[in-house]
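Notes for the one structure printed next.
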Amino acid sequence: METTFTVKIEQYAPPGRGMGYHEDNAVFVPCACVGDELEVEMVKEGKGYIEAKIVNVITAGPDRIEPACMHFNFCGGCDLLHLSYENQIKLKTAMLAETLKGYGLELTPEVTPSPEIWHSRHRASLRAAAGKLGMNGRWSSQLVEIKDCKSLSKLIIDKIPDLKALKDIEASYPIIASHSGQTLAGKRIIKKKEQEIQGLAHAVHEDYGYGKLELLAAGFAQSNPLVTKIILDDINGNISPAKLAVEYYAGSGTITTAVASKCEQIQGFELSVSAVKAANRNATNLKLENITVTKGDAKNGQIAIATDLLIVDPPRAGIDRPLLKELKRRKPTEIAYMSCNPATFSRDLADLLDFGYQVKFIKGYDMYPHSYHLECLAVLAYPKG
C-alpha cells in the first residue's frame, strides 16, 4: 500500500479525529474536518485501519478555519485550532456521547466551555533539547520550539526567554501559574533530579473559591483554574452531606478542601508523599480539622463500611481494579467521580451502573480548549432500602 494517498473525511471518531476510508481501511486523521479532501501520509497501519497525518488540504470542509497559531501544524499542544470554539464544543459533546454509547450508556451530557479560551493553561511542562525550548511535536518526541503560545498563561510565556537562557542541553521545566495570585513557580529537572530555578518559587497559591491552596510546581494540579472552580462548585452542588467521606487519588487536596463543609470527616489517600504533605498543609492553613490525608495506594483500596461518600479523581487509566471491586462490595451511598479520560470514565461508569448505582449528575468540561482533552464528572447514588 502506498504511504501517501488522498482521503475524504466523512465523520469524526473519538476523541475528535477525522475519519474516512481508503482501500477498505478506516483512516484516522488528526486536525481534520468533516468534508475535507486531504492528501495524507500514513503514520501507522493496523488491522483494518490506518493512522495518518495531513500533508495537504486539497479541499477544505465547511467548518475548517485558519488556525490562530503558527505552531499548530507541528506542536502537540493543540488539536482543534482548525475549528471555531463553538464547533469544538459541539464536537466534544458529540464525542463524549459516542464514547459513553460505546460502553452501552445512552447518556448525552453537556460540555461546559472554558470561560477563557485563550491563555487558559496555567500548568505546563516545557522541555529543552539541543539548544531549543518548547514542547513535543504532535507525532513524535521531537521538540518544537515555542516562541509564543495562544494556550499557555501569559505568565508562563513571559518566562520562556529566562528558561532558554539557562542553555540546558536536555532538561524539563514543570511550571505552574496562579490565576488568582498572578504568581509563578517552577522546577528544573535534569536526569530526574529536581533543581531550583532562580527567581521561581517551588509552589504557588491558587484560590478556586474555597480558600488558598498550595500547589507544587512539580506536583499535580489542574491546568485551567476557572474550569476547576466550575467543577468544584458542581461537585458541591450535587453531593449530599456525609458523615464520612473517603477520597482516593487526593493529590494536594483540591477536591478534599472544597467539600469539607459538607462532610463531618474526610479521609484522603494519595500515593505521592509530597502531595500528602501539601494536602495536610492546605487543610491546616484553612483550619479544616475534619480532613486527614495519608499515603495510600488505590491498588490496595479499602473503604470503611461507614463511608457515605467516595471521591475519586484517578489518572488516565481510570479507577484501579482492586478499588472498583471494593466499591462493588461496600457500595457507599454516593460516588463523585472526576476523570481526565472519557474512555476509562465510560468504562468505569458502566461497571458502577452494573453494581446498581444511578446517575445523579453528569457533565463534561473543556479544561483544555483547542485540544482533544475533556474532563468529566459524574455523581452517582446507590439506592438504599
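Suppose R0 equals 30 Å. What FRET efficiency, 1/(1 + (r/R0)^6) with r the Cβ-Cβ distance, do GLU37 and THR183 give to the nearest 0.05?
Calculated transfer efficiency: 0.05.
Go through 184-197, 364-377 and give me the packing order, highest mean Cβ count within 10 Å leading.
Put in order of decreasing packing, that is 364-377, 184-197.
To the nearest µm²/s, what D does Stokes-Einstein give for segment 240-385 at 10 °C and 1.306 mPa s, using the Kirkwood radius over alpha carbon pairs as Rh?
103 µm²/s
For ASP158 and VAL273 in the same chain, what is the full-extension length gain: residue separation times 0.36 nm, less their Cα-Cα distance, in nm?
Residue separation times 0.36 nm, minus the Cα-Cα distance, leaves 38.3 nm.
Could you calculate the contour length gain from MET70 to LYS192, that is, 0.36 nm times the residue separation minus the distance between their Cα atoms, to one decimal place in nm?
Going from the current span to full extension adds 40.8 nm.
Just grab the label-to-label distance for LYS147 and GLN11, each label 7 Å out from Cα along the Cβ direction, in nm (one decimal).
Label at LYS147, label at GLN11, 4.3 nm between them.
Mind checking the full-extension length gain between GLU98 and ALA130? Use 0.36 nm per residue of separation minus the Cα-Cα distance, one decimal, nm.
Full extension of this stretch gives 7.3 nm more.
Of all DSSP beta bridges in the chain, what percent run antiparallel (nearest 5)?
In the chain, DSSP labels about 70 percent of beta bridges as antiparallel.
Could you sort 350-357, 331-338 so that the peptide with the highest average Cβ count within 10 Å comes first and the rest follow in order?
331-338, 350-357
With r as the distance between the Cβ atoms of ALA304 and VAL55 and R0 = 56 Å, compute the FRET efficiency 1/(1 + (r/R0)^6) and round to 0.05.
Using R0 = 56 Å, I get an efficiency of 0.45.
Between ALA317 and TRP139, what FRET efficiency comes out of the Förster formula 1/(1 + (r/R0)^6) with R0 = 25 Å and r the beta carbon distance, rounded to 0.05?
That gives a FRET efficiency of 0.60.
Could you do me a favour and compute the accessible area per residue for the chain, 1.4 Å probe, result in Å²?
With the other protein chains kept in place, the chain gives 45 Å² per residue.
In segment 208-302, what percentage of the DSSP-assigned beta bridges are antiparallel, given to the nearest 5?
In segment 208-302, approximately 0 percent of DSSP beta bridges are antiparallel ones.
Report the paramagnetic label zone for ALA350: residues of segment 1-42 whose backbone N is under 19 Å from a point 7 Å from Cα along the Cα-to-Cβ axis.
Inside the label zone: 13-16.
The values are calculated or read from the model by the stated rules, or taken from the named source; none is laboratory data. Because the structure is predicted, anything quoted here is derived from the model rather than measured. Every residue, glycine as well, gets a Cβ built from its backbone with ideal geometry; the counts of neighbours run over all protein chains shown. We work out accessible area using only protein heavy atoms, side chains counted, and drop any ligands, DNA or RNA first. Shrake-Rupley method; radii C 1.70, N 1.55, O 1.52, S 1.80 Å.
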